[in-house]
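Here is the structure we will look at.
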Amino acid sequence: MIYSISIMVFFAIILGFAIVYNSSIISFSERKRELASLRVLGFTNREVSGLLFKENLLQSLLGVILGLPFGLLLAKGYIQAVSTDLFTFPVVIYPSTYLLSALGGLFFILVAHRMASRGVSKLDLVEVLKNRD
């Protein structure tokens, strides 16, 4: 049982990081021209990365806040679905589990932002100066 739970937790960690990283990359690529314009106007790499970080943090914190109670509902629904007359499992989720989940989500946000913000320094500023409109 411990091995199967460990495997599920491992894949949950990989999936959680992939979702946050993908969101960061998509946000960066959609706004690449705008971010490069900010760089041309005099913003530093750190300031531009900070804008991306605030956006990703807001989205991810909302996801964490909504995900914790919905995870409890999902666990209760699953246990209710597999319960029979022969056996029933109680749904027990400790407060430390919520804390570890939230901290893990915040860690994924920081690592994914760090990896995605490397592209800010590689923006082509000359291309932005060319007026295509």
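Measuring r between the beta carbons of Leu106 and Leu86 and using R0 = 41 Å, the FRET efficiency lands at 0.50. Using the Cβ-Cβ distance between Lys122 and Ile14 with R0 set to 22 Å, the FRET efficiency from 1/(1 + (r/R0)^6) comes to roughly 0.25.
Dividing the convex hull volume of the alpha carbon atoms of the chain by its residue count gives 128 Å³ per residue. The ranking of Phe11, Phe17 from fewest to most other beta carbons within 10 Å of each one's beta carbon is Phe11, Phe17.
Note on Phe10, Phe43, Phe28: ascending count of other Cβ atoms within 10 Å places them as Phe10, Phe43, Phe28, the fewest first. For the stretch 1-18 and the stretch 39-57, what is the separation of their C-alpha centers, rounded to whole Å? Answer, in whole Å: 33.
In the chain, Cα pairs under 8 Å separated by at least six residues give a relative contact order of 47 percent.
The residues Thr88, Thr97, when put in order of fewest to most other Cβ atoms within 10 Å, stand as Thr88, Thr97. Using the Cβ-Cβ distance between Tyr94 and Arg114 with R0 = 22 Å, the FRET efficiency computed as 1/(1 + (r/R0)^6) comes to roughly 0.15.
Since every read-out is calculated from the coordinates, none of them should be taken as a lab result. A quick note: this is a predicted structure, and the numbers were derived from the prediction, not measured. Neighbour counts are summed over all protein chains in view; Cβ atoms, including those assigned to glycine, are modelled from backbone coordinates with ideal geometry.
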